[in-house]
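A.B. asks: Mind having a look at this structure? Questions to follow.
The values are calculated or read from the model by the stated rules, or taken from the named source; none is laboratory data. Just so you know, these numbers come straight off a predicted model, no measurement behind them. Here the Cβ positions follow ideal geometry from the backbone for every residue, glycine too, while neighbour counts run over all protein chains shown.
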Amino acid sequence: MSSITTAVSNWNQDTKQALSGYGPAYFVNVNNLMSHGQYTTKAQQQKLVKQAKAANNSSVSQAEVTQIMSEKDHNLNEYISTADNFHPNHKGYEKMTDSLFKVMQTHQSWLEKGK
């Protein structure tokens, strides 16, 4: 498990625990959405895993790794910012908003009654 995956997992657990003290509150899990980005099929995701393993096993040259990491205007994941390769970009926030809105439509307890 990568350090980023661990950090996100810990964040999600802490958030769920914090929300359990409030009600009604709903946790919207966007981990898979943000981790996989536009790669939604198992085949696409397996290809990425294979590429990552190749990079981690040093079958990718240092020059290739440096070139990938130095691309300031491109990220393999279309939902992640190129500024830090961790936080969502505008498109990522739009996707997260879509996920939130779906939960809001399912659980309408957030609507004020009588107004």
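A.B. asks: Could you please find all residues in the range 1-28 being in a loop (DSSP other than H, G, I, E, B), touching a residue at least 60 places away in the same chain (Cβ under 8 Å) and not aromatic (Phe, Trp, Tyr)?
C.D. replies: Result: PRO24, VAL28.
A.B. asks: From the list GLU94, GLU64, which residue is surrounded by 10 or more Cβ atoms within 10 Å (Cβ to Cβ), of a type outside the set (Val, Ile, Thr) and modelled with pLDDT of 90 or more?
C.D. replies: That would be GLU94, the only listed residue that is surrounded by 10 or more Cβ atoms within 10 Å (Cβ to Cβ), of a type outside the set (Val, Ile, Thr) and modelled with pLDDT of 90 or more.
A.B. asks: Provide a single number: the residues in the range 70-109 that are of a type in the set (S, T, N, Q) and within 30 Å of PRO24 (Cβ to Cβ).
C.D. replies: Result for the range 70-109: 6.
A.B. asks: Same structure again: Can you tell me how many residues in the range 22-44 are modelled with pLDDT under 85, loosely packed, with under 12 Cβ neighbours inside 10 Å and either acidic (Asp, Glu) or under 17 Å from GLU94 (Cβ atoms) (or both)?
C.D. replies: So the answer is 1.
A.B. asks: Turning to a different aspect of this structure: Give me the residue from the range 97-115 that is among the β-branched types (Val, Ile, Thr) and surrounded by 10 or more Cβ atoms within 10 Å (Cβ to Cβ) and, out of that set, modelled with the highest pLDDT.
C.D. replies: Across the range 97-115, the extreme among qualifying residues is THR97.
A.B. asks: Check TRP11 against each of (1) surrounded by 10 or more Cβ atoms within 10 Å (Cβ to Cβ); (2) modelled with pLDDT under 75; (3) among the hydrophobic types (A, V, I, L, M, F, W, C) and name the one condition it does not meet.
C.D. replies: (2)
A.B. asks: Looking at (1) within 30 Å of GLN44 (Cα to Cα); (2) modelled with pLDDT under 85, find the lone condition where ASN77 falls short.
C.D. replies: The failed condition is (2).
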